[in-house]
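The values are calculated or read from the model by the stated rules, or taken from the named source; none is laboratory data. Since the structure is predicted, the reported quantities are computational estimates derived from the model, not experimental observations. As a convention, Cβ positions derive from the backbone with ideal geometry for all residues, glycine included, and neighbour counts pool all protein chains shown.
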Amino acid sequence: MLPSRATYMSCGGNTRVIVTPRDLESQLAYFEDKVSNAEPAGQEDKGVRAATARLERLSGKRWQMVWEKKIVNDVAPVMAIVRDDGEYVATFDDWHGVGYGPNAVVVYGHGGERIRSFSLSDILPNFYIEALPHSVSSIHWRGLPRFSDDGRSLLIPVTVPSETSRSDAATINLAIDLANGAISPMDEVGWQSALETGRTVRAARIAAEATEKAKFLAPLSGPSMNNQRAWHEYLREAYARLAGDDDTPSTTVLREPTAKDYAISEKWVRDALTDSYTDKVALASLSAPNLVTVLERTIAAVRPGSLSKVTIFVAVGDEFWPAIQAAMQRSGAKLIQLDPNEPIPQRPESIAQRYGSQDGD
């Protein structure tokens, strides 16, 4: 969604700041220009070419302008607050870039003059930032800021890192002194605890990333747990290692014949082979002998050669592979065995794409 004009009221309701964003042609145009380093990115030809803020004060029943100035945000801030007397306005973050860039907090003083800007690294230590929840375009670092009761400080509820993503994450207030820009916690003991939590979360995240990297680089063997989810993950990863990431096969896992909901999984196998929307199918089963039986029955009912344009990857060991080949022969499909007992190395191209070099260093 494109940013739109927004009005922010002071606590007392007698002062307001109106933020008008730079006009964009579309989000797509903005991101395309960013990729190609074309500035101002996404600019609408006849639109407003700079973000502005306009401070107004209520006089009687009418709003009167005090000042109107360009602001430093490329497109628009995410939000703004204004002190009741209008002497200070603060904006927070950049549109589509919360926590990134030099405008995490910008303070404007008398006449709309910018008096101070903070990037997130000016406010928080780097290890703490790394421990915060991240998305593709944002660092979820704060709650809703406000001015202190005495109006001398800007109070920002900073998110306390957690090992699990939560919409109701705990916060702790940091204060920015409006006179000198000094940053201090409102609760020193609580802040030290938050810092320690940040160190713990960051260490756990680094360990998890190392484990994930080791798993990605290691040869792939069959799943250690015989369940549907594990087999689906194995089929997808095995296919990617053999054929690359450009295409994704249909993956189907046949349940145990004794399972209460077994029948539907047999239908999945039939549908994957006879009504498939893709020319690549990957099959596995919680019971390899039963997969042979189901394939024999399914292929007996199809027209000979009807699967000649389909490639079927089947996850079975050598013990059952000849029976699978025999069951599938009349279909005309191209068969590829995924032997769970035969480790599949990672593709050098995939390693280079993810880690920048073919050895992952």
Within the stretch 272-307, can you find the residues that are of a type in the set (S, T, Y) and touching a Ser or Thr at 6+ places or on another chain (Cβ under 8 Å)? T274, S276, Y277, T278, T298, S306
Sole miss for R270 among (1) surrounded by 22 or more Cβ atoms within 10 Å (Cβ to Cβ); (2) over 31 Å from the mean Cα position of the chain (by Cα) is condition (1)
Go through the stretch 107-121 and give me each residue that's free of Cβ contacts under 8 Å to residues at least 40 places away in the same chain and closer than 21 Å to T171 by Cβ. S119, L120, S121
(1) over 23 Å from R114 (Cα atoms); (2) under 30 Å from the mean Cα position of the chain (by Cα): which one isn't true of V19, the others all being true? (1)
What number of residues in the stretch 145-169 are within 14 Å of M79 (Cα to Cα) and in a loop (DSSP other than H, G, I, E, B)? 1
Picked from the stretch 87-111 (must be more than 28 Å from the chain's Cα centre (by Cα) and assigned to a loop (DSSP other than H, G, I, E, B)), the residue surrounded by the most Cβ atoms within 10 Å (Cβ to Cβ) is Y88
Restricting to the stretch 306-361, name every residue that is exposed (fewer than 12 other Cβ atoms within 10 Å of the Cβ), free of Cβ contacts under 8 Å to residues at least 60 places away in the same chain and of a type in the set (D, E, K, R). K309, D318, E319, D359, D361
Odd one out for L286, checked against (1) under 30 Å from G143 (Cα atoms); (2) touching a residue at least 60 places away in the same chain (Cβ under 8 Å): (1)
With the requirement that a residue be at pLDDT 95 or above, assigned to a strand (DSSP E or B) and over 28 Å from V66 (Cβ atoms), what does the stretch 112-144 give you? I139
Looking only at the stretch 41-72, which residues are in a loop (DSSP other than H, G, I, E, B) and either closer than 25 Å to A104 by Cα or outside the structural domain of N14 (by TED's automatic domain parsing) (or both)? A41, G42, V48, R49, A50, A51, I71, V72
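Residue-wise test of (1) closer than 30 Å to I351 by Cα; (2) modelled with pLDDT under 90; (3) in contact with a His (Cβ under 9 Å, 6 or more places away or on another chain); (4) of a type outside the set (S, T, Y).
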position: E237; (1), (2), (3), (4): yes, no, no, yes
position: T248; (1), (2), (3), (4): yes, yes, no, no
position: T251; (1), (2), (3), (4): yes, no, yes, no
position: E256; (1), (2), (3), (4): no, no, no, yes
position: K260; (1), (2), (3), (4): no, no, no, yes
position: A263; (1), (2), (3), (4): no, no, no, yes
position: L273; (1), (2), (3), (4): no, no, no, yes
position: T278; (1), (2), (3), (4): yes, yes, no, no
Of residues in the stretch 58-86 being touching a residue at least 60 places away in the same chain (Cβ under 8 Å) and over 30 Å from S135 (Cβ atoms), the one surrounded by the most Cβ atoms within 10 Å (Cβ to Cβ): R83
